[in-house]
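Structure, as structure tokens:
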Amino acid sequence: LLTPIRQFVMDRAYSDEKDLYENVVRHMIQEFSVMVAVLELKYDTPEDTPQVMQRYGVELPNFLNALELARTREKDRDIVKTAILIAHSLMRYFFVSRIPEQGAKIMLEATELAISSDNLEDASSLTMLFMSLASRSLDDSLISKGLDLVDRIESIIDSVKELPDLAVSRAIAAQKLGDFS
């Protein structure tokens, strides 16, 4: 559904039948994850890229809505994990479409969701994706945000060796900043 209509339907469904609504949300997010899995696994050759990019472009509002719904249901680990996987798969879309700023924003939101749900392995991986997009953008402040994410995750874990994506994130930032020491 389009955004204004979607919000009306969601508000009405939530107020009329909360349990049924939550069940529909869960199934909808699962269906989106199946769609993403099919796109990622069945259409994984370079020749398939234009078709996959077109489909991601059409479905992007739905995928972003799934991420938003997960943020309001942080205690539901299944929904959160599924939304994080959907966000993770969007990397190819943002990279190929050359819209790193928009992609970085989505990866930042997904990383925040992963951190708040104590899913640090996914947070680390998403941070690396964020930094990869941030390094391709014209907005240098994104690199600082990425380093803040790395610092936050490192302050929570016992050993940095547990999450090597954080070291890669720091390396991407260093390269972007010209700090080769």
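Here is how the numbers come out for the structure above:
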read-out: J(HN,Hα) series, segment 127-138, from Karplus relation 6.51 cos²θ - 1.76 cosθ + 1.60, nearest Hz, glycine and proline x; value: 4, 5, 5, 4, 5, 5, 5, 4, 5, 9, 8, 8
read-out: Restraint check, Lys18/Lys42; Lys75/Lys105; Lys18/Lys145; Lys42/Lys176, Cα-Cα greater than 31 Å; value: Lys18/Lys42; Lys18/Lys145; Lys42/Lys176
read-out: Relative contact order %, segment 23-181, counting alpha carbon pairs below 8 Å whose residues are six or more apart; value: 17
read-out: Virtual spin-label span in nm between Ser141 and Glu68, 7 Å along Cα→Cβ; value: 2.3
read-out: Net lengthening on full extension, Asp16/Ser116 (0.36 nm per residue, minus Cα-Cα); value: 33.0 nm
read-out: Efficiency of FRET between Asn23 and Ser97 - r from beta-carbon atoms, R0 35 angstrom, step 0.05; value: 0.55
read-out: Asp148 versus Arg55: modelled label distance in nm, points set 7 Å from Cα along the beta carbon direction; value: 3.6
read-out: Separation in nanometres of the label points that stand 7 Å from Cα toward Cβ, at Val38 and Ile5; value: 2.1
read-out: Calculated [θ] (222 nm, deg cm²/dmol) that DSSP helices of n ≥ 4 give over the chain, each run adding -39,500 (n - 2.57); value: -26500 deg cm²/dmol
read-out: Whole-Hz couplings from phi, Karplus 6.51/-1.76/1.60, listed for segment 32-43; x for Gly and Pro; value: 5, 5, 5, 4, 5, 4, 5, 4, 6, 8, 7, 10
read-out: Calculated Cα extents along the principal axes in Å (choose from [x] 123, 29, 18; [y] 51, 36, 29; [z] 59, 41, 28), label; value: [z]
read-out: Over segment 38-97, relative contact order from alpha-carbon pairs under 8 Å, at least 6 apart, %; value: 34
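Readers should treat all values here as calculations from the given coordinates under stated rules, not as data from a laboratory. All figures in this text were calculated on a predicted structure; none of them were measured in a lab. Reconstructed Cβ throughout: ideal geometry from the backbone, glycine too, with neighbour counts over all protein chains shown.
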